[in-house]
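Quick note: the coordinates plus some simple rules give every number you see, no bench work behind them. Since the model is a prediction, treat every value here as computed from it, not as a measurement. Every residue, glycine as well, gets a Cβ built from its backbone with ideal geometry; the counts of neighbours run over all protein chains shown.
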Amino acid sequence: MLASSTLADVLFTLGLGLLLARWLGMYMSRLFQGRPTVVDPVFDPIDRAIYRILGVDPRRPMGWKEYAGCLVLTNALALVFVFLVLFYQGQLPLNFWHVPGMTWDLAFHTASAFTTNTDYQHYAPETQASLFSALLGLQTLMFLSAASGIAVLVAFIRGFVRKDGMVGNFWSDIVRTLTRLLVPLAAIGALVLLFAGVPETLAQSAHNALLGGGFQLIPTGPVASWDSIEMIGTNGGGYFAANAGHPLQNPTAFTNMIEIVMMMLLTFAPPFMFGRMVRRPNEAYPYLGAIIVLFVVALLLLFYFEASNPYVSGLNVSQSHGYLVGAESRFTISESVLFQGISVYGNVGATSMSLGSLTPGAQSVLLWGMFLQCAPGGEGTGFGMLLINALLAIFVGGLMVGRTPEYLGKKIGPDQIKWAIVTLLSHPLLILVPLAIAVAGGLEQVAAGPGSHAFTIALYEFTSESANNGSGMGPINDNTQYFNVAGGLVMLLGRYVPMVAMLAIGGALARQPAIPPSTGTLRTSSVTFTLFLVGFVVIVTGLLFFPVLAMGPWAQGVNWP
Amino acid sequence: MSGRTVGHRRPPREPRELSPDLRGGVEPVGTGLAPDPPFRWPSARSLVASVVLLTLLTGLAYPFVFTEAAHYLTPATASGGNITLGQNITDPALFWLRPSGIDYQPYSGNASEVPYGPVDPALLNETKAYIAEYGLTNVTVPLELVSQSQSGLDPDITPEAALVQIPRVAHFSNLSQSVLLGLVNDSIVHPTGGFIGPQYVDVIALDQALLVLEHRTLAASYEPVPVR
């Protein structure tokens, strides 16, 4: 029941996002192959100065273990630094409202959340984070975590191309991602948001005249620059507790559209980058096809489920504009849903709707996106997940026809499959174990309402953390020691286990010589392969997660208990 | 000599010397693996310098440059004071907003979460209570008017949600229903470019126009909101 203007709105937004993502993907492939780009004269001297300060040689290639070591250690150091900033923010400058330091467990959870690109917030930014913490702590991590995700994907992809066992230089990848991609993109995004009316000031509050005289004190800050990297870096932590539903962070339907496009940029760029980097541009399309099939089906279901909630049909109310409970009136329901769809499926985690009040169908579609993690998934890691799924699918397909499984001239052997299975199984383990403990401790202490609803909320919490998504379903009583510590650990493991696995697979592939294609080689740039991949991903994810979906959102759907 | 080859698809210098087997494919399966590369720890200096540099560039320079730029580029909107937020309007002679989970307090310290699920008996009870509170028991009510937004600060409602309030506003004010109908119709904001965004009414602007029309000022019942 899509009106034509709605259709134009959705298609225009998605089309613009895809177009820009394609262009970015091609630019990124040049960037990481060290090929010349038009921006070199500007950035070469800057990068050289940075390498000199770091004391590193950006040309020295690294094996996967060294690459992983650099990645984990820089991330760990940044985590410790931000933990200290949050813990001691009461004594630090730029603290206009005299916000006290966070408790150790909340500081651990928050620092882990922003280091892992999750940005799950167990605190209200307006009243529990100082400007110092927001900028020098959290915003810094938003850049680092986004760059780390891209660097890992690039190293993984190099495994398909190189034959010397090397996956690239960590410092070169991370510096180039930051200076030539993230900072310029964030700056352009911030400018656009600025002109679209998003505030940007160092003042931490403003006075807004009230209708009857007097003033309303409103929280402000450098919102446009934060918003920009929040969306482009697939971080998703809000400058305000209400995140992208807050009128100061997302004032109009136009800014909503811009933010959707921003979220699409680096989540949809990797397939194009991949095709160029493995020197078979057509390899981009089976993956893009798979992502689009999974994502568009999800979107259509979301539109359908949010059109109305039959549960309230006994009341004399009309839902002609959709089920707007927990949604903002300055966006159409399809705009809110499109934002929420890309935000969750792209593992951004920004929210423009109250997720706890979505219909059960919509809640399960969002959970499904985080179970998949790859349609399109978070920056870098999302496409890495899709590649891991593809390797498994090719392995299974190869065994079915009795051929040695290979992809792009590289054999897929026990080494790769071991790491792929570890990645695949870590996700349900990281969700279900802490969930079981929380449920055993009493669901009524976690969330109010019917049991299936409270279960859905707790399930969403750990799913969002393990997928490094960061959107939250509420209201949930999650600023507790258990949820902070368990959640922090889930985010760290949910981030670094797949990352190390991707690097290990890339490293193992990179040591292999290339086998020339033969008649037995699976033709991967084909519609058949796309359908095979989609089927594989859906069946595996379904087998892993249908039971919890049945206990949570589906049980709500049949109104139990 | 001919300069850069933009758009050329072949990479300039793949280290071919490292892959002698690339073309012939003569290596039998299972051999020809490159040696396991050596492992080196990154130096403490690189690690510390990278975090310090990152903090200075993205945590300090990036936002500070932008706040300064905004000061010159968009002085009117940079402070955020031009964006209307919801506020608590209880005067029956004015149009009302959607209910707020945080009582329209931007500094409530809480996220405004809708406190009930989609099939929760509380959803029905709360909605019924809101319908009674808004005095709309005898008409079909647009659901959004009697339910919370996500932010709890949304100043906007759908045109239908404004129209359904006209009888009450007319009853308590000196204005006729037809005048109010005209007022509501004039205050409808239309989609940007014809397709971005819904039709909606900014209640604060609508009430402002209504007060002007009545030559009335509201009793200053609103105190500056205390923080914490």
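Quick notes on this structure:
- Rounded Å value of the spacing that divides the Cα centres of the stretch B:33-59 and the stretch A:294-311: 45
- Among A:402, A:477, A:131 the positive-end extreme of the charge dipole of the protein assembly as shown (Cβ point charges): A:402
- Overall form of the stretch B:121-214 per C-alpha gyration tensor (a/c, 1.5; a/b vs b/c): oblate
- Backbone amide hydrogens, once placed in the peptide plane, bring residue A:406 within less than 5 Å of A:412, A:522, excluding anything fewer than 5 places away on its chain.
- Projected label points at residue A:16 and residue A:38, each 7 Å from Cα along the beta carbon direction, are separated by 2.1 nanometres.
- Across the stretch A:320-328, rounded Karplus estimates of 3J(HN,Hα) from the backbone phi angles (6.51 cos²θ - 1.76 cosθ + 1.60, θ = phi - 60°) give 5, 9, x, 7, 8, 5, x, 10, 8 Hz, Gly and Pro being marked x.
- Residue A:481-residue A:538 pseudo-label distance in nm [points 7 Å out on the Cα-to-Cβ vector]: 4.6
- In sequence order, calculated HN-Hα J values of the stretch B:62-75 (Karplus, 6.51, -1.76, 1.60; Hz; x Gly/Pro): 4, x, 6, 4, 6, 5, 5, 4, 4, 4, 9, 6, 10, x
- Across the stretch B:121-214, Cα pairs under 8 Å and at least six residues apart give a relative contact order of 24 percent.
- Approximating the spin labels as points 7 Å out from Cα along Cα→Cβ, the residue A:523-to-residue B:124 distance works out to 5.8 nm.
- The protein assembly as shown: C-alpha gyration tensor shape, a/c 1.5 cut-off, then a/b vs b/c: prolate
- Between amide H atoms placed 1.01 Å from N, distances below 5 Å from residue A:206 occur with A:218, A:220, all of them 5 or more places distant or on a separate chain.
- Kyte-Doolittle mean at least 0.0, axial Cα span of 27 Å or more - DSSP H helices of chain A: A:4-32, A:64-87, A:140-161, A:284-305, A:381-401, A:414-440, A:481-510, A:527-549
- Karplus (6.51, -1.76, 1.60) ³J(HN,Hα), θ = phi - 60°, over the stretch B:132-143, in Hz, Gly and Pro reported as x: 5, 4, 7, x, 10, 5, 9, 10, 7, 9, x, 3
- Built amide H within the under 5 Å cut-off of residue A:317, gap 5+: B:141
- The protein assembly as shown, dipole about Cα centre (Lys/Arg Cβ +1, Asp/Glu Cβ -1), debye to the nearest 20: 3580
- Here the contact order of the stretch A:455-548, divided by its residue count and restricted to Cα pairs under 8 Å and six or more residues apart, works out to 23 percent.
- Relative contact order for chain A: 20 percent, from Cα pairs under 8 Å spaced at least 6 residues apart, divided by residue count.
- Considering only A:383, A:262, A:347, and ranking their Cα positions along the charge dipole of the stretch A:239-395 that arises from unit charges at the beta-carbon of Lys, Arg, Asp and Glu, the one farthest toward the positive end is A:383.
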